[in-house]
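Encoded as structure tokens, the structure appears first; notes follow it.
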Amino acid sequence: ARRKLFATNAFCMSGWNSWLLHPCECEVDDDNDRKCGACGEIPGGPLEGRAPAYAPNVPGFRRFSAIPDQLLLGVPIREGSLWHLSQQDRFEPVRFRLYANGFSFSTAEGFESSVTLSPFSLVRNCRFQSGECSKLKSFKVSLLEPDPCCYFAVRSSCEHEADEERADWVLGLSQTIMLISDSLLPSFPLACDPLPNVPLTARRLMAGYLIHREDDHTISVPFCELSAHDGAGGAIFSLYQNERCEALVSEVCITEKSLCCDVVGINCSCFVVDTHQFASRTPSERKLWLRALSNVKVKIQNRAPAPSDVELHNYRISIRDRIADIQATSEPRVINDPLLAPCSRQRLTDAASAVPIGIEPSVGVAGEGIA
């Protein structure tokens, strides 16, 4: 059952606007955090950049609320004591509770805050290089943007024990985010073969459901398809209403200048395609999407001619093998109902009112990644 967290005689606040949350203040992200949870690789320089502005709303899809003050679901998955950064260079003890779709924490004075997570929430290890905060094993929870962040830390006389406890909390939070993503996505596998009698899919390389971030408050679940390069300097990343691909709602043109990058976070499945922010079911699926996008961009940059039918067939064999590898190691689904509140769908006739923003993404400070 859905229920709102509160404490008797406590001052409660929900969402990222709580005064208990802060702008990003940590000085360094731990190097171990920069490794991909799926492959262990460290993201390269060109993939580091700040998340771009939002793409316009995409009509016709299943849509869900991403507001951070939704009701937390059920009973806590885990509960324990942590330290929370309440003000500059000051951590105070809090009681932390992790739920299936978010978390809450309360202070000894009775102040309490709760946050609903989304597929675009990030959890990262971090450290402070000076002051009392540097003595703690800290981590932060945020959205794609650097602000706001919520900082927590583990304190122990044994550094090894503190590292292990922090790792447990960070793993729990990242698994909660993946659980939310999985609950929103239909049980439909990745595909690489075109659909019969649907000409738009004839040059398909890879297709599947993704979560698309429309704005601060709304996410949608389109069926996305990456097509092979056309030999004229571009390729198409299509967004359909569903897997039948009968209603094409939006297209993203992939060029040699397109930004296609991952997002740095523990077990993160988010990635960026120009002004669009997506999340896949798992980090392994994200890696496959980005690898396919990167290969297409390389073809475009090298002015390669459009692939023949034989070449397309060979490309699909390679992608199909990787899909099989992902499916062989995938976990069984444990949640059948969405963990976020649904929104009403926009009608397809509303598509004409959506005007692309077209804002160039800005590049972040070296070493920060998308945070």
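Structural remarks
- Region 120-193: relative contact order as a whole-number percent, Cα under 8 Å and 6+ apart: 25 percent
- Highest to lowest packing among 308-317, 100-109, 173-182, scored as the average C-beta count within 10 Å: 173-182, 100-109, 308-317
- Accessible area per residue for region 145-259 is 39 Å², calculated with a 1.4 Å probe on protein heavy atoms, without ligands, DNA or RNA.
- Using a Förster distance of 41 Å, the FRET efficiency for Q327-S130 (Cβ separation, nearest 0.05): 0.30
The values are calculated or read from the model by the stated rules, or taken from the named source; none is laboratory data. Since the structure is predicted, the reported quantities are computational estimates derived from the model, not experimental observations. Because the Cβ atoms are built from the backbone with ideal geometry, glycine has one as well, and the counts that use them run over all protein chains shown. Accessible surface is based on the protein model in full, side chains and every heavy atom, while ligands, DNA and RNA are left aside. Shrake-Rupley method; radii C 1.70, N 1.55, O 1.52, S 1.80 Å.
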